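Here is the structure we will look at.
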Amino acid sequence: MRILLVEDEIKIAEFVSEGLKQSGLDVTHASDGLMAKQVIAAQKFDVMLLDVMLPHIDGFTLLKDLRQAKDKTPVIVLSAKSDLTDRLQGFELGADDYLPKPFFLEELVARIKAVTMRGGLEPSETEVMVDQLKLDLVNRQVSWYDVTAVLSQREFMLLKFLMRSPGTIFSRKQILQSVWNIGFDPQTNLVDACIQRIKRKLMRNNEDFESPIESVRGIGYRIRVA
Ligand code: CA
């Protein structure tokens, strides 16, 4: 597995590079944002580990540019800034995970495995279907009756999570944990806003149908089953 580590602090970079190499991972190191940009343009990586405070181009700008260029490489943000605003900003920009510094190498390896498994598919599995609702796991597309829409990474993960257990009600807390890897209540409407975006995409030209995502008042959300 090829990992790109973008980190300007030499000590951290050496610690992470050495540790990951010992875990059998192939690590390329970029020590600032500009260098990272050049490396990304030249080759593909399975996971990118991204520091936020970087010389020349900061991590969040890099991430934004990457996603705007439709690059879906899983990104784990590594940051000393552990406060919620930064964390949420990272997710909003399309980060797949967020690991505050300092961290244990074992945890980083576990997170790398988790994001690559999320993105990687079991060989035969290319879609999930619940009644009329069909989720294309390769192209991150959802179809429902006449509508086909492309989902953002987070919308995709949320819908996939719900569709894996149709009919089961999941609380906002469970969804936050599973989709955003946030294990506490951040006092935001992250989940509801994301559900609304998915619903809007599905309901376009389908106003006559009942939404396939049902909100269960006071509890959470579930996929409706016939
Ligand atoms: Ca830094």
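Points worth noting:
- For the stretch 136-153, the candidate set comprises residues that are out of contact with any helix residue (DSSP H, G or I) (no Cβ under 6 Å at 6 or more places or on another chain) and under 21 Å from F91 (Cβ atoms); within that set, the residue that is surrounded by the fewest Cβ atoms within 10 Å (Cβ to Cβ) is V150.
- Subset of the stretch 127-152 (residues that are in a loop (DSSP other than H, G, I, E, B) and within 18 Å of the chain's Cα centre (by Cα)): L137, V138, N139, R140, L151, S152
- Any chance G218 is open to solvent by less than 40 Å² (accessible area, probe 1.4 Å) and part of a loop (DSSP other than H, G, I, E, B): no
- A single member of G218, G183 is outside the structural domain of L93 (by TED's automatic domain parsing), on the phi > 0 side of the Ramachandran plot and modelled with pLDDT under 90, and it is G218.
- Residue count for the stretch 2-31 under the criterion of being away from the ligand (no atom under 13 Å from the Cβ) and touching a residue at least 40 places away in the same chain (Cβ under 8 Å): the result is 8.
- Hits in the stretch 1-11 (condition: open to solvent by less than 70 Å² (accessible area, probe 1.4 Å) and either at pLDDT below 95 or under 15 Å from A110 (Cα atoms) (or both)): I3
- For the stretch 156-177, a residue qualifies if it is within 16 Å of L88 (Cβ to Cβ) and out of contact with any Asp or Glu (no Cβ under 9 Å at 6 or more places or on another chain), and the qualifying residues are L158, I175, Q177.
- Search result, residues across the stretch 44-58 that are more than 9 Å from the ligand (Cβ to nearest atom) and buried (at least 20 other Cβ atoms within 10 Å of the Cβ): F45, V47, M48, L49, L50
- Residue count, the stretch 71-94 (criterion: within 16 Å of the ligand (Cβ to nearest atom) and open to solvent by less than 30 Å² (accessible area, probe 1.4 Å)): 7
- Residue within the stretch 179-186 that is open to solvent by 30 Å² or more (accessible area, probe 1.4 Å) and not in a loop (DSSP other than H, G, I, E, B) present: no
- Number of the exception - P102 against (1) surrounded by 12 or more Cβ atoms within 10 Å (Cβ to Cβ); (2) at pLDDT 85 or above: (1)
- Any hit, the stretch 123-142, residues being farther than 25 Å from N206 by Cβ and not polar (S, T, N, Q): yes
- Out of Q68, Q38, sole residue that is over 16 Å from the mean Cα position of the chain (by Cα), at pLDDT below 95, open to solvent by 70 Å² or more (accessible area, probe 1.4 Å) and assigned by TED's automatic domain parsing to the domain that holds F91: Q38
- Evaluated against (1) part of a loop (DSSP other than H, G, I, E, B); (2) open to solvent by 40 Å² or more (accessible area, probe 1.4 Å); (3) under 21 Å from Y221 (Cα atoms), G167 falls short on exactly one condition, (2).
The values are calculated or read from the model by the stated rules, or taken from the named source; none is laboratory data. Everything numeric here is computed off the predicted structure, so don't read it as measured data. Note that we place each Cβ from the backbone using ideal geometry, even for glycine, and neighbour counts take in every protein chain shown. Note: accessible area is taken over every heavy atom of the protein model, side chains too, but ligands, DNA and RNA are not part of it. Shrake-Rupley method; radii C 1.70, N 1.55, O 1.52, S 1.80 Å.
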